[in-house]
1. Which condition number does Thr234 fail, the rest of (1) open to solvent by 30 Å² or more (accessible area, probe 1.4 Å); (2) within 24 Å of Lys58 (Cα to Cα) being met?
2. Do the conditions hold for Lys237, that is, is it of a type in the set (Lys, Arg) and either touching a strand residue (DSSP E or B) at 6+ places or on another chain (Cβ under 9 Å) or in contact (Cβ under 8 Å) with a residue 24 or more places away in the chain (or both)?
3. Tally time: how many residues in the stretch 247-268 are in a loop (DSSP other than H, G, I, E, B) and touching a residue at least 40 places away in the same chain (Cβ under 8 Å)?
4. Check every one of the helices (runs of 4 or more DSSP H) wholly within the stretch 120-207 and list those with 1 or more residues that are open to solvent by less than 10 Å² (accessible area, probe 1.4 Å) and not aliphatic (A, V, I, L, M).
5. Suppose we filter the stretch 292-318 for residues that are out of contact with any helix residue (DSSP H, G or I) (no Cβ under 9 Å at 6 or more places or on another chain) and of a type in the set (S, T, N, Q); how many remain?
6. Residues to consider are Leu306, Leu249; find the one that is crowded, with 19+ Cβ neighbours inside 10 Å and not hydroxyl-bearing (Ser, Thr, Tyr).
7. Considering only strands (runs of 3 or more DSSP E) fully contained in the stretch 1-119, which possess at least 3 residues that are among the basic types (Lys, Arg) and open to solvent by 30 Å² or more (accessible area, probe 1.4 Å)?
8. Find all pairs meeting these conditions: Cβ atoms under 7 angstrom apart; at least six residues apart or on different chains; first residue within the stretch 67-78 and of a type in the set (D, E, K, R) and at pLDDT 95 or above; second residue open to solvent by 50 Å² or more (accessible area, probe 1.4 Å) and in a strand (DSSP E or B).
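The values are calculated or read from the model by the stated rules, or taken from the named source; none is laboratory data. Values in this document were obtained by computation on a predicted structure and should not be read as measured data. Using ideal geometry, Cβ is built from the backbone for each residue, glycine included, and neighbour counts are taken over all protein chains shown. Side chains included, ligands, DNA and RNA excluded: accessible areas come from the protein's heavy atoms. Shrake-Rupley method; radii C 1.70, N 1.55, O 1.52, S 1.80 Å.
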Amino acid sequence: MFGFEDKIAFGNKGNDLLTVGELLIDMIAAQYDENFEGNTFNKFFGGSPSNIAMNVKKLGIHSLVASAVGKDGLGSFLIEQLRKMDIDTSGIQRVNDSTSMVVLTKSTSTPVPIFYRGADYHLAFDTVLHESLMNSKIVHFSCWPLSMEPARHTLEKVIEIASENHIWIGFDPNYHPMIWKSGEDGIEYVKSIIGKVDVIKPSEDDAERLFGKDTPENQLKKFLDLGAKLVIMTLGKDGAIVSNGIETLKYSSLATEVVDTTGAGDAFWSGFYTAAIKGYTIKDAISLGFAVSAYQLKYTGAVVDLPKLEVIKERYGI
């Protein structure tokens, strides 16, 4: 059990955060549009785990990415963006399939996605990934790599090794039926992962896709009943409710200006992980996660020019 006033004790490792999973292109509509009726879309660096790796580097900690992209111009673009941030790209595998892409509406609530899967789910467990994992304090992943083989097998191995070696595990349960094969029970598979991780951050939409409609309090309990140790359930403009199974806290949103919600959840993860690595309590790390998310919401795209965590801390009075 994680106490809210506790600080997380990480091992003495050379890298802070390893993200494992999708590295892809976000094509975001230029105008606000819920039905893809616009003609103009702009290219952005994307993929939730990779967004987080980029963000935490800007906020002030070290990160590595394990992912797969195509041997195409879009794959080269993504790798170059990581290199510009001085992130080691040796964990990026080049495969024969085309680089994956998500086409998104621009939205102030929840963007509507269309998924084009290619290279991302071909991520293999290799010696580079194993060494990166063993040298990291935290490993993070989402539902994307779990939704298809061979990446699912890769993640299962990552979870097993991380658990055996006391590496902190974060899981974004962003289940969406469109990324799973027809007829496959992705919901039950995602539920089977929940008890194997240290922290999970579902949105209200994530919880509804997994459990159906219910109150946030009841949804929170369902994650805990499946073995979750620390649940951070974000509620959009209404903030979040958080539980460690013993105590439940409520947080208000710090966002005062919302331009685009793409990547808001990734920004929260980024602030939370950075704060935890820097020695803040879990309670304060959650607050700093909301501060980074509020800053992110003022811009378009999942990766923006974030300042150091200490600057955001001062700006939001935390």
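1. (1) is the only condition that Thr234 fails.
2. Details: of a type in the set (Lys, Arg): yes; either touching a strand residue (DSSP E or B) at 6+ places or on another chain (Cβ under 9 Å) or in contact (Cβ under 8 Å) with a residue 24 or more places away in the chain (or both): no.
No.
3. Keep residues of the stretch 247-268 that are in a loop (DSSP other than H, G, I, E, B), which gives 247, 252-263.
Imposing the further condition that a residue be touching a residue at least 40 places away in the same chain (Cβ under 8 Å) reduces the set to 247, 253-255, 257-263.
The number of residues fulfilling the criteria is 11.
4. Numbers: elements: 127-134, 143-146, 151-164, 186-194.
Of the helices (runs of 4 or more DSSP H) lying wholly inside the stretch 120-207, those with at least 1 residues that are open to solvent by less than 10 Å² (accessible area, probe 1.4 Å) and not aliphatic (A, V, I, L, M) span 143-146, 151-164, 186-194.
5. Residues that pass the stated criteria total 1.
6. On the way: Leu249 fails: crowded, with 19+ Cβ neighbours inside 10 Å.
Going through Leu306, Leu249 in turn, the sole match is Leu306.
7. On the way: elements: 15-20, 24-32, 41-46, 63-70, 92-95, 101-106, 113-116.
Counting at least 3 such residues, we get no strands (runs of 3 or more DSSP E) at all.
8. Every condition considered, the pairs that remain are Lys71/Arg94.
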